[in-house]
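Trainee: This is the structure, below, for whatever I ask next.
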Amino acid sequence: MTALRRTLVAAEMQGRDLLRRRLALAMLVSLPVAFYLATGPLGGQAQYAVPAAGVSAAWSIAGAAFFSVLASRRIEQRLMLAGYRAADLLVGRLLLLEAGGVVLALGFSVLVAVGSSPPDLGALVLGNGLTALIGVPLGLAVGALLPRELEGTLLLIGIVGVELSLPPDSAIATVLPLYGPGQILLIAAGYGGQVEPSWVVHGLAYALALLVVAVGLWSRRIRVSRHAAPG
Amino acid sequence: MPSTAVLTAQAIRKSFGRKRVLEGVDLEVARGEVVALVGENGAGKTTLLRICAGVLPADGGSVELGGPVGYCPQDPGVLDLLTADEHLIYFGTGLRLHRQAALDVGRRCLARLDFPDRERSTLARDLSSGTRQKLNLALALLGDPSILLLDEPYQGFDRGTYIDFWALVAEWRAAGRAIVVVTHMLAELRRVDRVIELTAGRARIARGDEMGG
């Protein structure tokens, strides 16, 4: 019960911190919306706009996760000294970010459904949901790997930029984190074919691998020594 | 180790890259004792305190602590976009305090530091540096620790609060707490029991009155 309370309070406080970054959040949401509107309803590339919107949404979600890591850096070790465990802070953060990611993914799905009328709404929701699932550990991993605003942001832009630039069936695209949801969103956009389970597995495996990397690096950084009592 | 010692650090070594900061430093603090750590910038005072607190691993040596630790870092370890009350709940939960208990205990700590009541719902980033520092110090006191590790905890305090801080140190000492204060304020060394000067990675013990207090 105590561990659950610590986890919920960690989620609450990280949520308060994140929600008060109104301008940053507005920019994180508006950039992919602008990207979608520019390519889809306004740009006339409806089929391209659907997967592009999903990949852009991943950037938003990963960005929120990245900044949550940076914001908490200076107090995490103190919280550990105060009695938190790494799992409390991590699960609290994941709860918060995944919930936010799902809300954002659903919001984007509604926007795209209204704006582009894609033929496969099920694939649209699945693709965007998978995007949110991968976006959170992607941002956490970048935050753990490069815990500096400029470098981390550039890395995120780089990853998403490469995803958006590559032909979706190229060899390089298949090893990038958002390949799976990208393929699913192509189906949603009407490129033909059916959703292949391997795309979902690819996305889930990437999310898990990124989470392992993020937790491995992050837990080393926040580790505290519990010194022994005098013998 | 004397029976009253609650903090014992032995043969602590630490390097950052090729730079050796601590070379076999010993530190021992007893219950009801105030020890000042002094030394030039870069002498390793903050590093030693961080190692004792457990937030930085040593390359060698050992630390033993005989009770809970309150650690007040030099750079306020607070979240810019949380209020003081929210910090109390956040840290208090880690200390197994329920929300209201964390607020009650924390507000008493803040009051002892003259933290203005009206600022309790102000975001930390909007607090003055001294008020922010009071929050930083209050968070170190929250769990009623028996060992206090304070890294220049009075930064930004106005003169009145600065003097009150040393009165509080005396109270904490009387209550049996072991206190280590990193300080550059040589004029205040008469208020401590022992002064340890770090020079070239080693510790030298000196009485406060010998250091110009």
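The values are calculated or read from the model by the stated rules, or taken from the named source; none is laboratory data. Please read all numbers here as calculations on a predicted model, not as lab measurements. Note that we place each Cβ from the backbone using ideal geometry, even for glycine, and neighbour counts take in every protein chain shown.
Trainee: I'd like the full set of residues that are touching a residue at least 40 places away in the same chain (Cβ under 8 Å) and under 18 Å from A:Leu178 (Cβ atoms), limited to region A:88-99. Let's see the steps before the verdict.
Mentor: Let us first name the residues in region A:88-99 that are touching a residue at least 40 places away in the same chain (Cβ under 8 Å), namely A:88-97.
Result: A:Leu97, single match.
Trainee: If you don't mind, another one. Tally the residues that are over 19 Å from the mean Cα position of the chain (by Cα), assigned to a helix (DSSP H, G or I) and buried (at least 17 other Cβ atoms within 10 Å of the Cβ), restricting the search to region A:27-46.
Mentor: Restricting attention to region A:27-46, the residues satisfying the condition of being over 19 Å from the mean Cα position of the chain (by Cα) are A:37-46.
Applying the additional criterion that residues be assigned to a helix (DSSP H, G or I) yields A:37-39, A:46.
Among the residues that remain, those that are also buried (at least 17 other Cβ atoms within 10 Å of the Cβ) are: A:39, A:46.
The total comes to 2.
Trainee: I would also like to ask the following. Identify, from the list A:Ile159, A:Ile172, the residue that is within 21 Å of A:Val50 (Cα to Cα) and more than 16 Å from the chain's Cα centre (by Cα).
Mentor: On the way: A:Ile159 fails: more than 16 Å from the chain's Cα centre (by Cα).
That would be A:Ile172, the only listed residue that is within 21 Å of A:Val50 (Cα to Cα) and more than 16 Å from the chain's Cα centre (by Cα).
Trainee: Which residue, of B:Leu135, B:Leu103, B:Leu88, is outside the structural domain of B:Thr47 (by TED's automatic domain parsing), surrounded by fewer than 20 Cβ atoms within 10 Å (Cβ to Cβ), at pLDDT 95 or above and assigned to a helix (DSSP H, G or I)? Before the answer, list the steps.
Mentor: Details: B:Leu135 fails: surrounded by fewer than 20 Cβ atoms within 10 Å (Cβ to Cβ); B:Leu88 fails: surrounded by fewer than 20 Cβ atoms within 10 Å (Cβ to Cβ).
After ruling out the rest, the residue left standing is B:Leu103.
Trainee: Does B:Leu56 meet the test of being surrounded by fewer than 19 Cβ atoms within 10 Å (Cβ to Cβ) and within 30 Å of B:Lys14 (Cβ to Cβ)?
Mentor: On the way: surrounded by fewer than 19 Cβ atoms within 10 Å (Cβ to Cβ): yes; within 30 Å of B:Lys14 (Cβ to Cβ): yes.
Against the criterion (surrounded by fewer than 19 Cβ atoms within 10 Å (Cβ to Cβ) and within 30 Å of B:Lys14 (Cβ to Cβ)), B:Leu56 qualifies.
Trainee: Please verify whether B:Gly160 is at pLDDT below 90, small (Gly, Ala, Ser) and touching a Leu at 6+ places or on another chain (Cβ under 9 Å), treating the condition exactly as stated.
Mentor: On the way: at pLDDT below 90: yes; small (Gly, Ala, Ser): yes; touching a Leu at 6+ places or on another chain (Cβ under 9 Å): no.
So B:Gly160 fails the test.
Trainee: Sticking with this one: Does A:Ala82 satisfy being under 24 Å from B:Val55 (Cα atoms) and exposed (fewer than 15 other Cβ atoms within 10 Å of the Cβ)?
Mentor: Numbers: under 24 Å from B:Val55 (Cα atoms): yes; exposed (fewer than 15 other Cβ atoms within 10 Å of the Cβ): no.
So A:Ala82 does not fit the description; no.
Trainee: Those residues that are assigned to a loop (DSSP other than H, G, I, E, B) and more than 18 Å from A:Val212 (Cβ to Cβ), I need them from region A:143-165; list them, please. Walk me through it before giving the result.
Mentor: So in region A:143-165, the residues assigned to a loop (DSSP other than H, G, I, E, B) come out as A:146-148.
Scanning region A:143-165 gives a single hit, A:Arg148.
Trainee: Kindly indicate whether B:Arg125 is surrounded by fewer than 17 Cβ atoms within 10 Å (Cβ to Cβ) and either of a type in the set (Asp, Glu) or part of a helix (DSSP H, G or I) (or both).
Mentor: On the way: surrounded by fewer than 17 Cβ atoms within 10 Å (Cβ to Cβ): yes; either of a type in the set (Asp, Glu) or part of a helix (DSSP H, G or I) (or both): yes.
Spelling it out, B:Arg125 is indeed surrounded by fewer than 17 Cβ atoms within 10 Å (Cβ to Cβ) and either of a type in the set (Asp, Glu) or part of a helix (DSSP H, G or I) (or both).
Trainee: Give the residues of region A:166-186 that are within 19 Å of A:Ala46 (Cβ to Cβ) and outside any loop (DSSP other than H, G, I, E, B), sorted by residue number.
Mentor: Correct list: A:Pro181, A:Gly182, A:Gln183, A:Ile184, A:Leu185, A:Leu186.
Trainee: Something else about it: Out of (1) outside the structural domain of B:Leu22 (by TED's automatic domain parsing); (2) free of Cβ contacts under 8 Å to residues at least 24 places away in the same chain; (3) within 16 Å of the chain's Cα centre (by Cα), the odd one out for B:Arg118 is which?
Mentor: All conditions pass for B:Arg118, except number (3).
Trainee: Look at region A:187-231 and say how many of its residues are farther than 25 Å from A:Ser68 by Cβ, assigned to a loop (DSSP other than H, G, I, E, B) and within 14 Å of chain B (Cβ to nearest Cβ).
Mentor: Initial filter on region A:187-231 (farther than 25 Å from A:Ser68 by Cβ): A:187-202, A:225-231.
Then drop every residue that is not assigned to a loop (DSSP other than H, G, I, E, B), which leaves A:190-196, A:225-227, A:229-231.
Now drop any that are not within 14 Å of chain B (Cβ to nearest Cβ), which leaves A:225-227, A:229-231.
Number of matching residues: 6.
Trainee: So which of B:Phe91, B:Phe115 ends up being among the hydrophobic types (A, V, I, L, M, F, W, C) and more than 26 Å from B:Arg191 (Cβ to Cβ)?
Mentor: Values: B:Phe115 fails: more than 26 Å from B:Arg191 (Cβ to Cβ).
It is B:Phe91.
Trainee: Collect the residues in region B:13-52 that are in a strand (DSSP E or B) and at positive phi, keeping them in residue-number order. Explain how you work it out, then say what you get.
Mentor: Looking only at region B:13-52, we keep the residues that are in a strand (DSSP E or B), and these are B:13-16, B:19-30, B:34-39.
Result: B:Gly24, B:Gly39.
Trainee: Which ones in region B:70-104 are within 7 Å of chain A (Cβ to nearest Cβ), under 29 Å from B:Ala9 (Cβ atoms) and among the hydrophobic types (A, V, I, L, M, F, W, C)?
Mentor: B:Val78, B:Phe91, B:Leu95
Trainee: Are any of the residues in region B:3-13 closer than 17 Å to A:Leu79 by Cβ and more than 9 Å from chain A (Cβ to nearest Cβ)? Explain how you work it out, then say what you get.
Mentor: Pass one, region B:3-13, residues closer than 17 Å to A:Leu79 by Cβ: none.
The answer is no, given that none of the residues of region B:3-13 is closer than 17 Å to A:Leu79 by Cβ and more than 9 Å from chain A (Cβ to nearest Cβ).
Trainee: Tell me whether region A:120-134 contains one or more residues that are more than 15 Å from A:Ile184 (Cα to Cα), within 14 Å of the chain's Cα centre (by Cα) and β-branched (Val, Ile, Thr).
Mentor: Here is the first cut: in region A:120-134, the ones more than 15 Å from A:Ile184 (Cα to Cα) are none.
Checked region A:120-134: no residue is more than 15 Å from A:Ile184 (Cα to Cα), within 14 Å of the chain's Cα centre (by Cα) and β-branched (Val, Ile, Thr).
Trainee: Have a look at B:Gly32, B:Gly61, B:Gly44 and point out the one that is crowded, with 16+ Cβ neighbours inside 10 Å and touching a Ser or Thr at 6+ places or on another chain (Cβ under 8 Å). Spell out how you get there, then give the answer.
Mentor: Details: B:Gly61 fails: touching a Ser or Thr at 6+ places or on another chain (Cβ under 8 Å); B:Gly44 fails: touching a Ser or Thr at 6+ places or on another chain (Cβ under 8 Å).
The conditions single out B:Gly32.
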